[in-house]
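Just so you know, all these numbers are worked out from the coordinates, no wet-lab data involved. What you see is a predicted model, and the numbers here were worked out from it, not measured in a lab. With ideal geometry, Cβ positions are generated from the backbone for all residues, glycine too; neighbour counts draw on all protein chains shown.
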Amino acid sequence: MSEHLTADLSGKTALVTGASSGLGRQFSQVLAAAGADIIAAARRADRLAETVDLITKAGGKARAVEMDVSDGASVEAVFGDIGAVDILVNNAGVASTKRVLEWTEEDWDFIMQTNLRGAWMVATVAARAMVAAGRPGNIINIASIAGLRVGKGVLPYTVSKAGVVQMTKAMALELAVNNIRVNAIAPGYIITDINRGHLSGDIGEKMKRGIPQRRFGEPGDLDGPLLLLASDASNFMTGSIIAVDGGHLLGTL
């Protein structure tokens, strides 16, 4: 977490999906450093153990739960065990690249099942638990600038993330009466271990020319927006979609 960023999440419990690697691991560490007790959720138990270990060694509190967001029974079972949380970071997602005529029904279902249906399922079950416990809540969905503009080769992904954007707004509208806030972060190109190779070299240099800041983001660039939405600093924000993209959405020609 960047040293100049501060937020007090002491006494809060945060569930982060897709916490076994990448941005999910980063989000878990950032929230833990701000004082939150972390429930790290994902399918890969071994990688989740690494996330928990990193947090506890840094003085934070965390535990792992196995959850497959594409399986409703798995989601229900986890919340049946943990009950209501204060903060949900709905991060789990998958992606693939093909030309528009090459996508199969199986491809479409795989991406939608995780990115949209899974995000909806986790957010809904979490919100039900919050309402049942009679406590306020905070849901942060991880969308993408792909949900706000189009790009080649990612048809199901861009549709799924556009769905997450609209889902965020619809849930925010209805859950405000329950004192549950729902917002989203829409990252641009953020360098992680998964895409580092793809974004390097000539391809990466060409892609950077479409970003006004002429660089890709680092995971730490999302720390500020995450802490803003997770903390009381955003108490009057709901239904907001925060793009963190170096100006990519400005779409200069």
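So here's what we get for this one:
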| read-out | value |
| --- | --- |
| Extension reserve of the ARG149-ASP81 stretch, reckoned as 0.36 nm per residue once the Cα distance is removed | 20.6 nm |
| Whichever lysines have a C-alpha closer than 25 Å to that of LYS57, once near sequence neighbours (fewer than 8 apart) are set aside | LYS12 |
| Rg(Cα) / (2.2 N^0.38 Å) computed for segment 13-245, rounded to two decimals | 0.98 |
| Mean Cβ neighbour count within 10 Å, used as a protection proxy, ranking 155-167, 114-126, 173-185, 230-242 highest first | 114-126, 155-167, 173-185, 230-242 |
| Neighbour-count order for ILE82, ILE142, fewest beta carbons within 10 angstrom listed first | ILE82, ILE142 |
| Set of lysines near LYS152 by C-alpha distance (under 29 Å), chain-local residues within fewer than 8 positions excluded | LYS98, LYS161, LYS169, LYS206, LYS208 |
| Set of segment 92-114 residues, backbone N closer than 12 Å to the point 7 Å along the Cα-Cβ line of ASN195 | 94-97 |
